[in-house]
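Asker: Sharing a structure, written as structure tokens. Questions coming.
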Amino acid sequence: MEASKVQRPEFQRLADTRVRSRLRKQLLDWFTESARDLPWRRDPTPYKVWVSEIMCQQTQIATVIPYFERFIAKYPDESALAQSDEAELMRLWEGLGYYRRARSLRAAAQVIVEEHQGQFPLAFDAVLALPGIGRYTAGAILSISQNQRLPILEGNTIRVFSRWIGMRDPVDEKATQDVLWQLSETMLPATKPSQVSREIGPAAFNQAAMELGALVCTPRQPKCLLCPVAKQCEAYRMGWQEEIPIKLGKTKYESRTEYAALLQDASKRWLVRQLPEGVRFAGMWDFPKAGPPQANSVQHFERWLSSELGGHVRLGDVNHTMKHAVTKYRITLQVHLADWKPEQDSLPKGNPLPTGWKYCTAAQLSKLPMSTTGRRLLKRVTARAD
DNA sequence: AATACGGGGTG
DNA sequence: CACCCAGTATT
């Protein structure tokens, strides 16, 4: 029997081709009934699937939907994206987080225009070579848009697949990931494009597996009684569904205090700068801000800002305190009103600011990308001014 | 292998 | 508050 040629014992009963086949059918029947109506599912071109996949990375679907609609309206194809103004693109992306995604997207569009004649490449290696696209995203784009038989593995499917086979090894280890990638591929329906439609091929299977993870096979309190494939699920059989996937690395959160200064010129414009490459929020605009190791205290911050600008900056008392989180950091931002007395010598005439710094009105800032916290701060201070 | 990268949703 | 989310790139 074909099933005796087991790929991997870790697959448990899914090593049997008939069991896999039954699971696939039940999953796909469920998906036909239960699939959400997501905007990128209506016309799954490589471009739209690509944009949706990048936006969805580490981001909940509900958050993405309005961003996706605005994005496609403004940048309908690779060429439009390649020619986009970076600040406008970042402004559109504002609030989604992981801003490098937006910059990589634009860079990749330029590669597509220059090296692929403006047509999204359909070869796995070419897709993988694009900036911002890793193994998951390359497989997702080509399986979903082209029905290519390519496996995927991300947050949902790590959980779904590891439960299916009752995986007790920590899923953050490479060996475990390898098993799950292999399972992901083994589970895919056969690829005979002439016979297999997008409805029951790899396109549907990959989306169905993720959809199951999002709607049924959830991180906590999975809805096993509603699960179309519970009968094939080892975790459910053993009662392990709450503990799988097992993770070793626990996030260590770190509290951190950062400082910001509100500094206006005679025309009440705000002192801001565009963050340089290589730092957090690169390319976005922000008020003067620093934290450890630049500024371990408000006195350090005052000194740091003085040396940045030249002359002497004097900070007032804390004017706002804002809490926000950036990855593992839990940041308390202390905002101070500030005065700046430039060195006389540094101002030959007019008021040339040091490189990188600029005064902007609130209206100008409304067109520039800022971090969510920066935008919230601006809203607060302008609301007060009214 | 470990870390950086955002911000919001959820129990 | 801790964990999670259609991950990737860098160290």
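The values are calculated or read from the model by the stated rules, or taken from the named source; none is laboratory data. No experiment lies behind these values; they were computed from the predicted model shown. Here Cβ is always computed from backbone atoms with ideal geometry, including for glycine, and neighbour counts include all displayed protein chains. These accessible areas exclude ligands, DNA and RNA; they are computed on the full protein's heavy atoms, side chains included. Shrake-Rupley method; radii C 1.70, N 1.55, O 1.52, S 1.80 Å.
Asker: Identify the residue in the range A:160-176 that is surrounded by fewer than 22 Cβ atoms within 10 Å (Cβ to Cβ) and in a helix (DSSP H, G or I) and, among all such residues, is farthest from DNA strand B (Cβ to nearest atom).
Answerer: First pass over the range A:160-176, keeping only residues surrounded by fewer than 22 Cβ atoms within 10 Å (Cβ to Cβ): A:166, A:168-176.
Those still in the list that are in a helix (DSSP H, G or I) too: A:174-176.
Numbers: A:Lys174: 3, A:Ala175: 7, A:Thr176: 9 Å.
My answer is A:Thr176.
Asker: Assess whether A:Arg91 counts as being of a type outside the set (Gly, Ala, Ser), part of a helix (DSSP H, G or I) and touching a Gly at 6+ places or on another chain (Cβ under 7 Å). If you could, list the steps in order and put the result at the bottom.
Answerer: Numbers: of a type outside the set (Gly, Ala, Ser): yes; part of a helix (DSSP H, G or I): yes; touching a Gly at 6+ places or on another chain (Cβ under 7 Å): no.
No: the conditions fail for A:Arg91.
Asker: Ok, one more. Just checking, does the range A:53-61 include any residue being within 17 Å of the chain's Cα centre (by Cα) and more than 12 Å from DNA strand C (Cβ to nearest atom)? Spell out how you get there, then give the answer.
Answerer: Quick first cut of the range A:53-61, residues within 17 Å of the chain's Cα centre (by Cα) only: A:53-61.
Add one more test, that the residue is more than 12 Å from DNA strand C (Cβ to nearest atom), and what stays is none.
No - not one qualifying residue is present in the range A:53-61.
Asker: To continue, here is another question. Scan the range A:177-215 for residues that are aliphatic (A, V, I, L, M), away from DNA strand C (no atom under 13 Å from the Cβ) and either modelled with pLDDT of 95 or more or open to solvent by 50 Å² or more (accessible area, probe 1.4 Å) (or both) and report the count.
Answerer: Within the range A:177-215, the subset aliphatic (A, V, I, L, M) is A:179-180, A:183, A:187-188, A:190, A:196, A:200, A:203-204, A:208-210, A:212, A:214-215.
Filter once more, keeping what is away from DNA strand C (no atom under 13 Å from the Cβ): A:179, A:183, A:187-188, A:190, A:196, A:200.
Next cut, either modelled with pLDDT of 95 or more or open to solvent by 50 Å² or more (accessible area, probe 1.4 Å) (or both) only: A:179, A:183, A:187-188, A:190, A:200.
Total meeting the criteria: 6.
Asker: State all residues of the range A:117-139 that are in contact (Cβ under 8 Å) with a residue 24 or more places away in the chain, small (Gly, Ala, Ser) and within 12 Å of A:Ser104 (Cβ to Cβ); if no residue qualifies, say none.
Answerer: Within the range A:117-139, just A:Gly132 meets the criteria.
Asker: Would it be correct to say that A:Trp164 is among the aromatic types (Phe, Trp, Tyr) and under 24 Å from the mean Cα position of the chain (by Cα)?
Answerer: Considered against the rule, which asks whether it is among the aromatic types (Phe, Trp, Tyr) and under 24 Å from the mean Cα position of the chain (by Cα), A:Trp164 comes out as no.
Asker: Can you tell me which of (1) over 22 Å from A:Ala214 (Cβ atoms); (2) within 14 Å of DNA strand B (Cβ to nearest atom) is the one A:Gln83 doesn't meet?
Answerer: The failed condition is (2).
Asker: If you don't mind, another one. Could you run through the range A:112-131 and say how many residues are outside any loop (DSSP other than H, G, I, E, B) and open to solvent by less than 40 Å² (accessible area, probe 1.4 Å)? Can you show your working first?
Answerer: As a first pass, look at the range A:112-131 and keep what is outside any loop (DSSP other than H, G, I, E, B): A:112-115, A:124-128.
Next, from what is left, pick out any that are open to solvent by less than 40 Å² (accessible area, probe 1.4 Å): A:112, A:126-127.
Counting residues in the range A:112-131 that are outside any loop (DSSP other than H, G, I, E, B) and open to solvent by less than 40 Å² (accessible area, probe 1.4 Å) gives 3.
Asker: Cβ-Cβ under 8 Å, sequence separation 6+ or interchain: first residue in the range A:195-223 and closer than 16 Å to A:Ser34 by Cα and free of Cβ contacts under 8 Å to residues at least 12 places away in the same chain, partner of a type in the set (Val, Ile, Thr) and within 16 Å of DNA strand B (Cβ to nearest atom). Which pairs?
Answerer: A:Lys223/A:Val216
Asker: Considering each of A:Val318, A:Val279 in turn, give the residue that is assigned to a loop (DSSP other than H, G, I, E, B) and open to solvent by 60 Å² or more (accessible area, probe 1.4 Å). Talk me through it step by step, then tell me what you get.
Answerer: Working: A:Val318 fails: assigned to a loop (DSSP other than H, G, I, E, B).
Result: A:Val279 is the single residue among A:Val318, A:Val279 that is assigned to a loop (DSSP other than H, G, I, E, B) and open to solvent by 60 Å² or more (accessible area, probe 1.4 Å).
Asker: How many residues, within the range A:205-228, are among the hydrophobic types (A, V, I, L, M, F, W, C), assigned to a helix (DSSP H, G or I) and within 30 Å of A:Gln146 (Cβ to Cβ)?
Answerer: Step one: list which residues in the range A:205-228 are among the hydrophobic types (A, V, I, L, M, F, W, C), which gives A:205, A:208-210, A:212, A:214-217, A:224-227.
Filter once more, so that each one left must be assigned to a helix (DSSP H, G or I): A:205, A:208-210, A:212, A:214-215, A:224-226.
After this cut, where a residue has to be within 30 Å of A:Gln146 (Cβ to Cβ) as well, the list is A:205, A:208-210, A:212, A:214-215.
Residues that pass the stated criteria total 7.
Asker: While we're looking at this one, here's another question. Which condition number in (1) away from DNA strand B (no atom under 16 Å from the Cβ); (2) surrounded by 11 or more Cβ atoms within 10 Å (Cβ to Cβ); (3) modelled with pLDDT under 95 is the one that A:Glu302 fails?
Answerer: (3)
Asker: Considering (1) assigned to a strand (DSSP E or B); (2) open to solvent by 70 Å² or more (accessible area, probe 1.4 Å); (3) in contact (Cβ under 8 Å) with a residue 40 or more places away in the chain, say which one A:Arg376 fails and leave the rest.
Answerer: (1)
Asker: Same structure, new question: Out of all the residues in the range A:216-259, which are farther than 22 Å from A:Trp30 by Cβ, β-branched (Val, Ile, Thr) and surrounded by fewer than 16 Cβ atoms within 10 Å (Cβ to Cβ)?
Answerer: Within the range A:216-259, A:Ile246, A:Thr251 qualify.
Asker: Just one of the numbered conditions (1) of a type in the set (Asp, Glu); (2) closer than 21 Å to A:Thr45 by Cβ; (3) open to solvent by less than 60 Å² (accessible area, probe 1.4 Å) is not true of A:Glu94; which one?
Answerer: Exception for A:Glu94: condition (2).
Condition check ((1) part of a helix (DSSP H, G or I); (2) surrounded by fewer than 14 Cβ atoms within 10 Å (Cβ to Cβ); (3) among the acidic types (Asp, Glu)) across all residues:
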{"position": "A:Asp37", "(1), (2), (3)": "no, yes, yes"}
{"position": "A:Trp40", "(1), (2), (3)": "yes, no, no"}
{"position": "A:Asp43", "(1), (2), (3)": "no, yes, yes"}
{"position": "A:Glu53", "(1), (2), (3)": "yes, no, yes"}
{"position": "A:Pro66", "(1), (2), (3)": "yes, yes, no"}
{"position": "A:Glu69", "(1), (2), (3)": "yes, yes, yes"}
{"position": "A:Ala73", "(1), (2), (3)": "yes, yes, no"}
{"position": "A:Ser84", "(1), (2), (3)": "no, no, no"}
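Asker: A follow-up question, please. Give me the residue from the range A:27-46 that is in contact with a helix residue (DSSP H, G or I) (Cβ under 6 Å, 6 or more places away or on another chain) and aromatic (Phe, Trp, Tyr) and, out of that set, farthest from DNA strand C (Cβ to nearest atom).
Answerer: Looking at the filtered set, the residue picked out is A:Phe31.
Asker: Right, here's the next one. Only one of A:Leu153, A:Leu142, A:Leu96 is outside the structural domain of A:Pro219 (by TED's automatic domain parsing) and in contact (Cβ under 8 Å) with a residue 24 or more places away in the chain; which? Even if it seems obvious, please write down each step before you answer.
Answerer: Working: A:Leu153 fails: outside the structural domain of A:Pro219 (by TED's automatic domain parsing); A:Leu142 fails: outside the structural domain of A:Pro219 (by TED's automatic domain parsing).
The match here is A:Leu96.
Asker: Which members of the range A:324-340 meet the condition of being crowded, with 16+ Cβ neighbours inside 10 Å and small (Gly, Ala, Ser)? Talk me through it step by step, then tell me what you get.
Answerer: Residues of the range A:324-340 that are crowded, with 16+ Cβ neighbours inside 10 Å, as a first pass: A:331, A:333-338, A:340.
Matches in the range A:324-340: A:Ala338 only.
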